[in-house]
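The values are calculated or read from the model by the stated rules, or taken from the named source; none is laboratory data. Quick caveat: nothing in here was measured; it's all calculated off a predicted structure. Note that each Cβ is placed from the backbone with ideal geometry, even for glycine, and that neighbours are counted across all protein chains shown. Heavy atoms of the whole protein, side chains included, go into the accessibility calculation; ligands, DNA and RNA do not. Shrake-Rupley method; radii C 1.70, N 1.55, O 1.52, S 1.80 Å.
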Amino acid sequence: MMYVDFNAGNKEYKLKLNVGSIMALEKKIGVNPAAVFGLDEKNPVIPTITTMVTILWASLQDAEHGVSLT
């Protein structure tokens, strides 16, 4: 199982995007998640805070059940 450890406060979380969480993420943000990180030297893409929080939320769904956006 591939995941990334994420520390917030005194708690450690495991972040992982699987197919289901990627599909949920795409529905929430309305675009392919890969497009959020598109790089163009002339017009760099900077995701909104809302988009970044939504990506974090989707990444928590596999291992951290019960985490919500509210």
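I'd like the Karplus ³J(HN,Hα) series for segment 10-25: coefficients 6.51, -1.76, 1.60, θ = phi - 60°, whole numbers in Hz, and an x wherever there's a Gly or Pro.
Residue by residue, segment 10-25 yields 9, 10, 9, 10, 10, 9, 7, 10, 10, 4, x, 6, 5, 5, 4, 4 Hz.
Could you pull out every residue, at least 5 positions away or on a different chain, whose amide H is within less than 5 Å of the one on TYR13? Hs are placed 1.01 Å off N in the peptide plane, and Pro or chain starts have none.
PHE6, ASN7, ALA8
Taking all protein chains in place and a 1.4 Å probe, what share, in percent, of the accessible surface of the chain do carbon and sulfur account for?
60 percent
Between ILE49 and PHE37, what is the label-point separation in nm under the 7 Å Cα-to-beta-carbon projection?
2.2 nm
For the chain, find the longest principal axis of its Cα atoms and tell me its angle to the long axis of helix 49-60, 0 to 90°, nearest 10.
Roughly 40 degrees between the two axes.
Which value, in Å² rounded to 10, gives the accessible area of THR54 with a 1.4 Å probe and all protein chains present?
10 Å²
Averaged per residue, what accessible surface does the chain expose to a 1.4 Å probe, in Å²?
About 76 Å² of surface per residue is accessible.
Give me the log10 of I(q) over I(0) for the chain at q = 0.20, 0.22, 0.23, 0.27 Å⁻¹, as the Debye formula computes it from C-alpha points; what are the numbers?
Ignoring solvent entirely, the Cα scatterers give -0.87, -1.01, -1.07, -1.28.
Would you look at the GNM of the chain, springs on alpha carbons closer than 10 Å, and say which of ILE22, ILE46, ILE55 moves the most?
ILE46
Counting alpha carbon pairs within less than 8 Å and at least 6 residues apart, what relative contact order, in whole percent, applies to the chain?
Here the relative contact order equals 35 percent.
Under the 0.36 nm per residue contour assumption, what length would be gained going from the current alpha-carbon distance of ALA24 and PHE6 to full extension?
Numbers: separation 18, 0.36 × 18 = 6.48 nm, distance 2.05 nm.
The span from ALA24 to PHE6 would gain 4.4 nm if fully extended.
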